[in-house]
Amino acid sequence: MDGSKIDFVLKNSVSPERYSIETMTGGVALFDYNNDGLLDIFFTNGADIPSLKKSGPSFYNRLYHNNGDGTFRDITERAGLAGAGYSMGVATGDYDNDGFVDLYVAGFDRNQLFHNNGDGTFTDVTGKAGVSGVIPEGGKPWAITAGWFDYNNDGLLDLLVVNYLDYSISTAHICKTDNIVDYCSPNEYRGTPNILYRNNGDGTFTDVSRQSHISQYVGKGMGVAFADYDDDGFTDIFVSNDSFPNFLLHNNGDGTFTDVALAAGVAYSENGKTVAGMGTDFRDIGNDGRPDIFQTAMYGDSFPLYRNLRNGQFEDATDTTGLTAMTNRFTAWGTGIFDFDNDGNKDIFAAGSAILDNSMEVNRKPYPLPNFLYRNLGNWVFKDVSAQAGAGFFAPAAHRGAAFGDLDNDGKIDIVVTVLNGKPQLLMNRSSNHNHWIILKLVGVADNRDGLGTKVKIMTANGVQYNEATTAVGYNSSSDKRVYFGLGSATVVDRIELAWPMGVKQVLNSVAADQILTIVESGRPEPRGRLQ
Amino acid sequence: MIWLLAFQLAAGPAQHYENARQDFAQQRFSEAVSEVDAALHDSPYMVPALVLKARLATFAHRPDVAKSCLITAVTVDPASEEAQFYLGLLYYMQNDFKLAISPLQTAHTLSPRSPLPVFYLAMTQEALGDETQALEFYQQAENLSPEKAPQSAEIFVAHGRFLLSLGRTEESIDKDRRAIEADPNSRDAHYELAKGLDHEGDFKNAAAEGERALTLPELDTSDAQIHFLLANLYRKLNQPDLAKAHLEKFQAAHQTTNR
């Protein structure tokens, strides 16, 4: 990171009591706050314990401006993004459709919505917007992360806040293994309900958790990802829960959701066990137009990959893809499904680290772990190529969140990974292949300005691929909103089909490869349906 | 009573050890601890007693005591296959995989016909991520196993499970079938075979294997796991009533987590 001039250090205030929050922080967002075409980087940070105050600059959340020459400049204080409380995750989305991406920071004791004023500054509008994360008669639960999506297809981004344990510093008990103090298992505490805020379109939100049925599903959420898995035109939610059955919240299209995870086969692993679910991503791995689900977890669980079978059902493909053997010995947090080598098959990244900072003492497992890269060989087989992926994959560290995007606009997806009590890792993708690519920057007109939820299908000489616009990726983190495709040897995209959330279908033909293409929504809504 | 006390005082360390061994076999653990401590009091470097004390300490969740005993044992008698094996096993159970290799290798060298050190070497290499070595040791362990015995079934099941994790489903199924030949009453073998057949799309036979597993005594594979598998299989077989019934039983059963 030295060359990048990013000097941020993620601080968790580790205590002798080992409060659970300490091991959970560390989000990162990649977004272009000033629309200069370059992705900037935002980091969340911890706070003093037990005061939970950002008692000095070392606890500030940080925004780094991308200078475009491989270096970044800290503009936190001018931007007004230092934040308050013990921060955890971050979600990016232009909730007021003004063309500037806003920030929501989820935290243990404070959640904050920062409106992007368009002049390099942000304003904390949490109170005015009504998105404090406080549950009526339930207080402020511990939020791990959040995500923006348009659940009711009204052209406005709504907000899902993912909450974790019913936990407070004042009442937390100390957990020990063999008389060694360590971080408590989530089994020691009850879960808390998630919150869905509906965007009213006037800068305010309404908590619709109860009427949408979101709050009736009480879990221990760690990660969230969105996709329309059944192609009914409404964005669905996957919540990765920690040692608790996952949620697959099917969007019923009438403002309500139903958890179908058990019936769909994604609540438990193939062995009928819950996993210590961490980050997640929800994308089409098989290039069949149906989004699949990947989760990071802890050693002994393997990192589950659920294959979408196209009938509302998923199957656990962890064994058959070879991922069980590759992941069973490790714990990982941040993750993302992206085509890192632009060969037309989406690969998987996982940011490794054990949960306990005294893991070696407690269970003889190293705390710092390397990052992992699993290359998709096609036909649902993966290969661990971490050893060939460069120095950034050799260094074990206490990795947490990871965000994905092309920081230098060279068509290759880069990764920023946070490190607990250390500097983040900026993994610049220097793949030496000559594969082609296209990056689509979507601009909604009737739809939400970011185009989140838009389904994209491309056709090239090498076949068909699908992706969906989302920023909710991985653990604690938020990735670039642009839609990425690797094209392999194809120099032309024969056809690009877009299905915008409100029903607009748009087609582009014969598009040259190797460009960042801005697509402005154009057309009239058509009846909902799948991309044919 | 006085006579009994006198007898105990008169018994030598060998007798105490023998008493401890018998108590251990009959799961009278507190009596076994007293006897083995008496043996070691009289003869602190008696290797079989040190090994037995280590095994008792492991049961009592005192790995520190077990480790100390076993290190003493292998120092006193490096040629004790038993001490070397249990030291390797302890390291394996403690996730100290790199440390486990040396004593397990030594145990294998000292007792080349015994399948257990090689079996644990296979699992240790699997835990270390050395796929080639693990497969080699699993094969060696298989070759050393008697034709029909529960221990052989365990080796086949572990080998098959590893192959399945590598995506080698057909070979995994073959191992599961051989496990069942070795021990027709192995619940784990029937369950793993059901999983393999599920991967192959043979849902009907998979369900039959799952049902058979449910009738067998519970060891590693829980009822909940089998009900979960059967619920999925009956759903795929378009038998919603059976799927629902197994799902309800799965939900009613105690569910396990890794953390």
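The values are calculated or read from the model by the stated rules, or taken from the named source; none is laboratory data. Computed from a predicted structure; not experimentally measured. Using ideal geometry, Cβ is built from the backbone for each residue, glycine included, and neighbour counts are taken over all protein chains shown. With ligands, DNA and RNA removed, areas are computed over all heavy atoms of the protein, side chains included. Shrake-Rupley method; radii C 1.70, N 1.55, O 1.52, S 1.80 Å.
In units of the compact-protein estimate 2.2 N^0.38 Å, segment A:479-525 shows a Cα radius of gyration of 1.25. Alpha carbon centre of segment B:5-70 versus segment A:222-290: separation in Å? The distance from the Cα centre of segment B:5-70 to that of segment A:222-290 comes to 54 Å. For residue A:504, the residues 5 or more places off, or on other chains, whose built amide H falls under 5 Å of its own are A:526.
Exposure check, 1.4 Å probe, all protein chains in place: residue A:151 carries approximately 10 Å² of accessible surface. Take the Cα pairs of segment A:1-104, get the Kirkwood Rh, then feed it into Stokes-Einstein at 10 °C and 1.306 mPa s and tell me D in µm²/s. Diffusion coefficient, whole number: 110 µm²/s. For chain B, the Stokes-Einstein estimate of translational diffusion at 20 °C and a viscosity of 1.002 mPa s comes to 104 µm²/s, using the Kirkwood hydrodynamic radius over alpha-carbon pairs.
Working from label points 7 Å from Cα in the Cα-to-Cβ sense, the residue B:208 to residue B:34 distance is 5.5 nm. Taking a ≥ b ≥ c as the square roots of the eigenvalues of the Cα gyration tensor, an a/c ratio below 1.5 marks chain A as rounded. Assuming charge only on the beta carbon of Lys and Arg (+1) and of Asp and Glu (-1), the dipole of the protein assembly as shown about its Cα centre is about 560 debye to the nearest 20. Between rounded, prolate and oblate, where does segment A:364-438 land on the alpha carbon gyration tensor, with a ≥ b ≥ c its root eigenvalues, rounded for a/c under 1.5, else prolate if a/b exceeds b/c? Verdict is oblate for segment A:364-438.
Once Rg and the Kirkwood radius are both taken over the C-alpha atoms of segment B:1-133, their ratio Rg/Rh works out to 1.06. Taking every alpha-carbon pair under 8 Å whose residues sit at least 6 apart, chain B reaches a relative contact order of 8 percent. Bridging of residue A:11 to aspartates and glutamates at a Cα separation below 13 Å is possible for A:22, A:48, once same-chain residues fewer than 8 apart are set aside. Converting phi to 3J(HN,Hα) with the Karplus coefficients 6.51, -1.76 and 1.60 and the offset θ = phi - 60°, segment A:447-464 yields 7, 4, 4, 6, x, 4, x, 6, 9, 10, 10, 10, 10, 10, 4, 8, x, 10 Hz in sequence order, with x at every glycine or proline. Projected onto its three principal axes, the C-alpha set of segment A:55-208 covers 53, 40, 24 Å, listed from the longest axis down.
For segment B:181-195, the Karplus equation 6.51 cos²θ - 1.76 cosθ + 1.60, evaluated at θ = phi - 60°, returns couplings of 4, 5, 8, x, 9, 7, 4, 4, 5, 5, 5, 5, 5, 4, 5 Hz by residue, with Gly and Pro reported as x.
Within chain B, the longest run free of GluC sites (Glu not before Pro) that sit in a DSSP loop with at most 14 other Cβ atoms within 10 Å is B:1-146. Note that segment A:151-215 shows a convex hull volume over its alpha carbon atoms of 118 Å³ per residue.
For residue A:305, the residues 5 or more places off, or on other chains, whose built amide H falls under 5 Å of its own are A:317, A:318.
Using the Karplus relation 6.51 cos²θ - 1.76 cosθ + 1.60 with θ = phi - 60°, the per-residue 3J(HN,Hα) values for segment A:199-205 come to 7, 7, x, 10, x, 10, 10 Hz, with x marking Gly and Pro.
Could you give me the percent of Cα pairs per 10 Å distance bin for segment B:108-231, shortest bin first, beginning at zero and ending with the bin that holds the maximum distance? Here the calculated profile for segment B:108-231 is 15, 43, 32, 9, 1.
Pairs to check: A:346/A:455; A:455/A:505; A:53/A:128; A:346/A:457; A:273/B:98. Give those whose C-alpha atoms are more than 18 Å from each other in this structure. Check vs 18 Å cut-off fails for A:53/A:128; A:273/B:98.
In this structure residue A:32 has an accessible area near 20 Å², from a 1.4 Å probe over the protein heavy atoms. Calculate how steeply helix B:81-93 sits against the longest principal axis of the alpha-carbon atoms of chain B, using the helix alpha-carbon long axis, and give the answer as 0 to 90 degrees to the nearest 10. For B:81-93 against chain B, the angle is about 50 degrees. For residue A:5, the lysines whose Cα comes closer than 24 Å to its Cα, not counting residues fewer than 8 places off in the same chain, are A:54, A:412, A:423. What trypsin sites (Lys or Arg not before Pro) does segment B:147-199 have in DSSP loop regions with at most 14 other beta carbons within 10 Å? When the trypsin sites (Lys or Arg not before Pro) of segment B:147-199 are filtered for loop state and at most 14 Cβ neighbours within 10 Å, B:148 remain. With every protein chain in place and a 1.4 angstrom probe, the accessible-area ranking of B:40, B:110, largest first, reads B:110, B:40. Quotient of the Cα radius of gyration of segment A:191-348 and 2.2 N^0.38 Å, N being its number of residues: 1.04. Panel values: segment A:78-157, Kirkwood radius from alpha carbon pairs, Stokes-Einstein at 10 °C and 1.306 mPa s, translational diffusion coefficient 121 µm²/s. Here the dipole of segment A:238-286 is about 100 debye; that uses its Cα centre as origin and unit charges on the Cβ of Lys and Arg (positive) and Asp and Glu (negative).
Annotation note: chymotrypsin sites (Phe, Trp or Tyr not before Pro) in segment B:45-88 located in DSSP loop regions with a Cβ neighbour count of at most 12 within 10 Å are B:45.
Centre-to-centre separation between the Cα atoms of segment A:435-487 and those of segment A:311-385: 22 Å.
Close amide H pairs (under 5 Å, H built 1.01 Å from N) link residue A:177 with A:182, residues at least 5 positions away or on another chain. Remark on the protein assembly as shown: B:69 stand apart, with no other cysteine beta carbon under 4.7 Å. For the protein assembly as shown, DSSP calls about 95 percent of its internal beta bridges antiparallel.
Can you list the residues of segment A:357-393 with backbone N under 12 Å from a point 7 Å past the Cα of residue B:128, pointing along Cα to Cβ? It comes to no residues whatsoever. Bridging of residue B:67 to aspartates and glutamates at a Cα separation below 19 Å is possible for A:178, A:361, B:37, B:77, B:81, B:82, B:96, once same-chain residues fewer than 8 apart are set aside.
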